[in-house]
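Engineer: I have a structure I would like to understand better, so I am pasting it below and will then ask my questions one at a time.
The values are calculated or read from the model by the stated rules, or taken from the named source; none is laboratory data. What you see is a predicted model; the values in this text were computed from it and never measured. Positions of Cβ are generated from backbone atoms using ideal geometry, with glycine treated the same way; all protein chains shown enter the neighbour counts. For accessibility, only protein heavy atoms count, side chains too; no ligands or nucleic acids. Shrake-Rupley method; radii C 1.70, N 1.55, O 1.52, S 1.80 Å.
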Amino acid sequence: MSSYIIKGGNKLEGTVKISGSKNAALPIIAATILAKGSTTLYNVPNIQDTQMMYEIIKILGGTVQKKKNKIIIDTRNIDKYEIPDTLMHKMRSSVIIVGAIVGRYKTATFSYPGGCDIGSRPIDLHLKAFEKLGISINQNYGSITCTAEKIIGNKIDLDFPSVGATENAILASVLAEGKTMITNAAREPEIIDLQDFLNKMGAKVKGAGTDKIEVEGVKKLKEISYNIMPDRIETGTFLCLAAITGGMVKLEKTNPMHITPVINKLEEAGCQIQIQGETISLQAPKKLKAVDIKTMPYPGFPTDMQSIMATIFTIAKGTTIIVENIFENRYKYVQELNKMGAKITVEGKSAIIRGTRKLYGATVKATDLRGGAALVLAGLSAKGTTIIENIEYILRGYENFDRKIRMLGGDIEVTNLI
Ligand code: EPZ
């Protein structure tokens, strides 16, 4: 297992380029399966989650070539339709590839992705959406097989605006016969990116970004190249890295409109923020002010920023109340922060954070991707040295994370990267 060693106390200052969005890249990589041929993707983040998607595509019979700044995926020769258990369990979001496989080949087999570090992560909404499209679902001993003679467009009402279920419903209906209407759809920007990608291939999808998405089935899709949108959660993470270290950063190649709720909270906490096109700058105040947070589906405050934002308030003036409304187990990082002197108590969906003067270095463990990122913020702000173990979680979702932090003056090193 690998660790970060962080010496706290430096202000993060300077300019950094934001990478492509993990949560846009994963469904778009899956969507390349719908087109018989090769697709070229630019601005794909080089992280463990995208590597795992490439592994699945290769296991199914496709090829993936990594050139300088592009990825070329050829799905012409895919002739297997079963996702290996090991990869399903390593990365639950690989369930997104099922919609694409069954959408093109009318059959797919996979195992329950299983819970992960932030909650049980059920897929009932995905399966209900598939059934509405005429796909039959057979489950035995944890393995699920989806098959259909034909996929027929239909109305799909989602009980909850699930991002993954919305994406899977779109992927399974792009090559269907007739029209599909998805209501109570998730409105995340990554779904707009998926729609733009699919329409460039010749699909007919409209309404992404709203809660009603319409997909008109087409016969086939063509080979294209596409540029993935910037990562809004990495953007929020680097803004918070500057906020907690009293620094000043300029983030380039991002889309500030995607993280308005995060910007609003940081301004309420006393940060000065400037936006200019694809660039966003933040100047931290001497002392942050406590601000309450409630996570909601987009366009509300993003759950992926909950742990990261909570961390900046551990050294703010006042008390912060956080309510996590999306995942049922997204406070595992709290016990690790409290080892560093934070004063956080968790009551069900809420966490109460009493601002303290300072955090202190300690040996802590990453518990999940965003919880791990929160510990990096804490270590960079703390007095003394922090060792963060199990950083594989963090490497899943942040490209060149420690390198970018060093470029901004942060003192962070990696040990025994296997
Ligand atoms: C996506 O996960 C993101 N992952 C998550 O980011 C993000 O936190 C989440 O959306 C919410 O924004 C990717 O895009 C790869 P959901 P997803 O389906 O699709 C419940 C990160 O850190 N639900 O919107 O799995 C579910 O249990 C990751 O980058 C059902 O009940 O999220 C949860 O409580 C973490 N049944 C809620 O909906 C279902 O069939 C939201 O889940 C599906 C979901």
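Engineer: Please list, in chain and number order, the residues 5+ apart from Ser111 or on another chain whose amide H is under 5 Å from its amide H, with Hs placed from the backbone.
Structural biologist: For Ser111, whose amide H was placed from the backbone, the distant partners under 5 Å are Ile144.
Engineer: Let me ask something additional. Tell me, what is the per residue accessible area of the chain in Å², probe radius 1.4 Å? If you can, show how the numbers build up before the last one.
Structural biologist: Values: 16520 Å² over 418 residues.
With all protein chains present, the chain gives 40 Å² per residue.
Engineer: Here is a further query. Return one number: the angle in degrees, 0 to 90 and rounded to the nearest 10, between the long axis of the Cα atoms of helix 96-105 and the longest principal axis of the Cα atoms of the chain.
Structural biologist: In the chain, helix 96-105 runs at an angle near 10 degrees to the longest axis.
Engineer: First check a/c for segment 22-227, with a ≥ b ≥ c the square roots of the eigenvalues of its C-alpha gyration tensor; if it is under 1.5, answer rounded, and if not, answer prolate when a/b is larger than b/c or oblate otherwise. Walk me through the numbers on the way to the answer.
Structural biologist: Working: a/c = 1.29, a/b = 1.10, b/c = 1.18.
Cα axes put segment 22-227 in the rounded bin.
Engineer: For the chain, which whole percent of the accessible surface, found with a 1.4 angstrom probe, sits on carbon and sulfur atoms? All intermediate terms of the calculation are to be shown ahead of the outcome.
Structural biologist: On the way: 8320 of 16520 Å².
Heavy-atom surface of the chain belonging to carbon and sulfur, 1.4 Å probe: 50 percent.
Engineer: Report, by chain and number, residues whose modeled amide H sits under 5 Å from the one on Ile156, excluding near sequence neighbours (fewer than 5 apart, same chain).
Structural biologist: HN-HN under 5 Å from Ile156: Met181, Ile182, Thr183.
Engineer: Moving on. Going by average Cβ density within 10 Å per residue, which order do the peptides 244-256, 288-300 take, highest to lowest?
Structural biologist: In decreasing order of mean packing, 244-256, 288-300 become 244-256, 288-300.
Engineer: Taking the Cβ-Cβ separation of Asn227 and Arg76 as r and a Förster radius of 22 Å, what is the calculated FRET efficiency to the nearest 0.05?
Structural biologist: Values: r = 23 Å, r/R0 = 1.04.
Once the sixth-power term is evaluated, E becomes 0.45.
Engineer: I want to make sure I understand the PRE zone here: with the label point 7 angstrom from the Cα of Thr63 toward its beta carbon, which residues in segment 33-55 have backbone N atoms less than 11 Å away?
Structural biologist: 38
Engineer: Can you give the convex hull volume of the alpha carbon atoms of the chain per residue, in Å³? Write down the numbers at each step before the final one.
Structural biologist: On the way: hull volume 51.7 nm³, N = 418.
Each residue corresponds to 124 Å³ of Cα convex hull volume.
Engineer: Something else about it: As an exercise, use a Förster radius of 22 Å and the Cβ-Cβ distance of Thr147 and Glu216 to find the FRET efficiency, rounded to the nearest 0.05. Each step should come with its number before you reach the end.
Structural biologist: Details: r = 23 Å, r/R0 = 1.07.
Between Thr147 and Glu216 the formula returns 0.40.
Engineer: Step through the residues of segment 401-416 one at a time and calculate ³J(HN,Hα) from phi using the Karplus curve (6.51 cos²θ - 1.76 cosθ + 1.60, θ = phi - 60°), rounding each to whole Hz and writing x for Gly and Pro.
Structural biologist: 4, 5, 5, 4, 5, 5, 4, 8, x, x, 9, 9, 10, 9, 10, 5
Engineer: If each of Lys155 and Arg403 carries a label point 7 Å out from its Cα toward its Cβ, how far apart are those two points in nm?
Structural biologist: 5.1 nm
Engineer: What list of ³J(HN,Hα) couplings, whole Hz, do you get for segment 137-150 from phi and the Karplus terms 6.51, -1.76, 1.60, once you set θ to phi - 60° and write x for glycine and proline?
Structural biologist: Taking θ as phi minus 60°, the curve returns 10, 10, 10, 8, 6, x, 9, 10, 10, 10, 9, 8, 5, 9 Hz for segment 137-150.
Engineer: Right, here's the next one. Taking H as built 1.01 Å from N, whose amide H comes closer than 5 Å to the amide H of Ile293, not counting residues under 5 places away?
Structural biologist: The list, which skips near neighbours in sequence, is Ile321, Ile322, Val323.
Engineer: OK, next. Rounded to the nearest 500 deg cm²/dmol, what is the calculated helix-only ellipticity per residue at 222 nm for the chain, with -39500 (n - 2.57) per DSSP H run of length n ≥ 4?
Structural biologist: Working: 14 runs with 132 residues, N = 418.
So the calculated ellipticity at 222 nm is -9000 deg cm²/dmol.
Engineer: Would you kindly derive the ³J(HN,Hα) couplings of segment 154-171 from the backbone phi angles with the Karplus curve 6.51 cos²θ - 1.76 cosθ + 1.60 (θ = phi - 60°), listing them in order in whole Hz, with x for Gly and Pro?
Structural biologist: 7, 8, 10, 9, 7, 4, 9, x, 6, 4, x, 5, 4, 5, 5, 5, 5, 4
Engineer: Below 11 angstrom from the Cβ of Ala208, what's the summed charge of the other residues (Lys, Arg +1; Asp, Glu -1)? Kindly include the intermediate steps, with their values, before the conclusion.
Structural biologist: Working: positive: Arg187, Lys206, Lys212; negative: Glu167, Glu188, Glu190, Asp193, Asp196, Asp211, Glu214.
For residues surrounding Ala208, the net value is -4.
Engineer: Treat each spin label as a single point 7 Å out from the Cα along the C-beta direction, and report the Met257 to Thr345 distance in nm.
Structural biologist: 4.4 nm
Engineer: Quick one: if the Förster radius is 35 Å, what FRET efficiency do Asn416 and Tyr360 give, using the C-beta to C-beta distance and rounding to 0.05? If you can, show how the numbers build up before the last one.
Structural biologist: Details: r = 24 Å, r/R0 = 0.70.
My answer for the efficiency is 0.90.
Engineer: What is the Rg over Rh value, at two decimals, for segment 301-409, using alpha-carbon atoms and the Kirkwood definition of Rh? Don't jump to the answer; show the numbers that get you there.
Structural biologist: Values: Rg = 13.1 Å, Rh = 13.9 Å.
Using Cα coordinates only, the ratio equals 0.94.
Engineer: Would you please classify the overall shape of segment 235-336 from the alpha carbon gyration tensor, given that a ≥ b ≥ c denote the square roots of the eigenvalues, rounded means a/c under 1.5, and beyond that prolate means a/b larger than b/c while oblate covers the rest?
Structural biologist: On the way: a/c = 1.90, a/b = 1.26, b/c = 1.51.
Cα axes put segment 235-336 in the oblate bin.
Engineer: Next question. Taking the Cα-to-Cβ direction at Ile137 and at Tyr42 and moving 7 Å from each Cα, how far apart do the two end points lie in nm?
Structural biologist: If labels sit at Ile137 and Tyr42, their model points lie 3.9 nm apart.
Engineer: What shape does segment 179-226 take by its C-alpha gyration tensor, where a ≥ b ≥ c are the square roots of the eigenvalues and a/c under 1.5 counts as rounded, a/b above b/c as prolate, and the rest as oblate? Please list the in-between numbers first.
Structural biologist: Numbers: a/c = 3.87, a/b = 1.40, b/c = 2.77.
Oblate.
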